[in-house]
């Protein structure tokens, strides 16, 4: 039974990593479509969301099958963390789809005359996503903890982008819809960073059996239970 469970857990991990690759690719291509005004690529991203959704359903089924086998505590953490990570990956796919949608809408319009930090924000968000997935793949809680504070950087950039766009809309009413599209893109990047942070927190739980979400225990600080 133990050997079978180990095999099943390995299958679960591999399916989750494959789903992660699809989600990361979707975000990368959505941003590429936005930058290059590539409607065809944006449409591909929108269609790829169905694949990511199917992965979530498949992983849910695998998890149910493994819970029936009454795994040990360590294995149970793997199973429950996998469900949470899968959910975050599905949401990341949704945000990539939204970016692709706005990329199509913006491609038919002239660029707005304002310099936004979207490229910097996109680069930081993609890096956070990659680091969180690497931390999961290598079971590296230290790497997971290290990336969590970077979420605040994305929050600051998102706020700056929204402020700049709001000011631009007030002066240029004809650019309102384009500004709203860019606001939506910025918000999607901020949400992707949130989901990457959630994945990192799940990696810590998986490796250390400690919940650090909503606790302030991010960088090795003692919890109330261990202080």
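Highest first, please rank the peptides 52-64, 181-193 by the mean number of other Cβ atoms sitting within 10 Å of their residues. Don't skip to the end; give the middle numbers.
Values: 52-64: 16.2, 181-193: 22.6.
For the peptides 52-64, 181-193, the packing ranking is 181-193, 52-64.
Starting from the exponent 0.38 and prefactor 2.2 Å, build the expected Rg for the stretch 1-100 from its residue count and divide its actual Cα Rg by it.
Numbers: Rg = 15.8 Å, N = 100, 2.2 N^0.38 = 12.7 Å.
Cα Rg divided by the expected 2.2 N^0.38 Å: 1.25.
When you have a sec, figure out the Kirkwood radius of the chain from all distinct Cα pair distances and drop it here in Å to one decimal? Let's see the in-between values first.
Details: mean 1/r = 0.0536 Å⁻¹.
Value: 18.7 Å, from the Cα pair sum.
If R₀ is 35 angstrom, what is the calculated FRET efficiency for the pair residue 105 and residue 72, using the beta carbon separation as r and rounding to 0.05? Intermediate results must be reported in sequence, preceding the final value.
On the way: r = 50 Å, r/R0 = 1.44.
The value I calculate is 0.10.
For a paramagnetic label modelled at 7 Å from the Cα of residue 187 toward its Cβ, which residues of the stretch 157-180 fall within the zone defined by backbone nitrogen distances under 12 Å?
Once the point is set 7 Å along Cα→Cβ of residue 187, 162, 180 turn out to lie under 12 Å by backbone N, inside the stretch 157-180.
Quick one: compute the contact order of the chain, relative version, from alpha carbon pairs under 8 angstrom and 6+ residues apart, as a percent.
25
How far, in degrees from 0 to 90, does helix 73-107 lean away from the longest principal axis of the Cα atoms of the chain, to the nearest 10?
That works out to roughly 10 degrees.
Using alpha carbon coordinates only, what is the Rg to Rh ratio of the stretch 74-207, with Rh defined as the Kirkwood radius?
Numbers: Rg = 17.0 Å, Rh = 15.8 Å.
Answer for the stretch 74-207: 1.07.
So if we plug the beta-carbon distance of residue 80 and residue 40 into 1/(1 + (r/R0)^6) with R0 = 35 Å, what FRET efficiency do we get, rounded to 0.05?
According to the calculation, E is roughly 0.35.
To the nearest 500 deg cm²/dmol, what mean residue ellipticity at 222 nm is calculated for the chain from DSSP H runs of n ≥ 4 alone, each contributing -39,500 (n - 2.57), summed and divided by the residues? Present the calculation step by step, with values, prior to reporting the outcome.
Numbers: 7 runs with 181 residues, N = 227.
Taking each H run of at least 4 residues, the total per residue is -28500 deg cm²/dmol.
For residue 177 and residue 120, what does the FRET efficiency come to when R0 = 22 Å and r is the distance between their Cβ atoms, rounded to the nearest 0.05?
Details: r = 24 Å, r/R0 = 1.09.
E between residue 177 and residue 120, to the nearest 0.05, is 0.35.
Using the alpha-carbon atoms, what tilt in degrees (0 to 90, nearest 10) does helix 39-67 show relative to the longest principal axis of the chain?
With both axes taken from Cα atoms, the answer is about 20 degrees.
How far is helix 151-171 tilted off the main Cα axis of the chain, in degrees rounded to 10, range 0 to 90?
The answer is roughly 20 degrees.
None of the figures in this text is laboratory data; all of them are computed from the coordinates on show. Here the structure is a predicted model, which means the values were calculated and not measured. Reconstructed Cβ throughout: ideal geometry from the backbone, glycine too, with neighbour counts over all protein chains shown.
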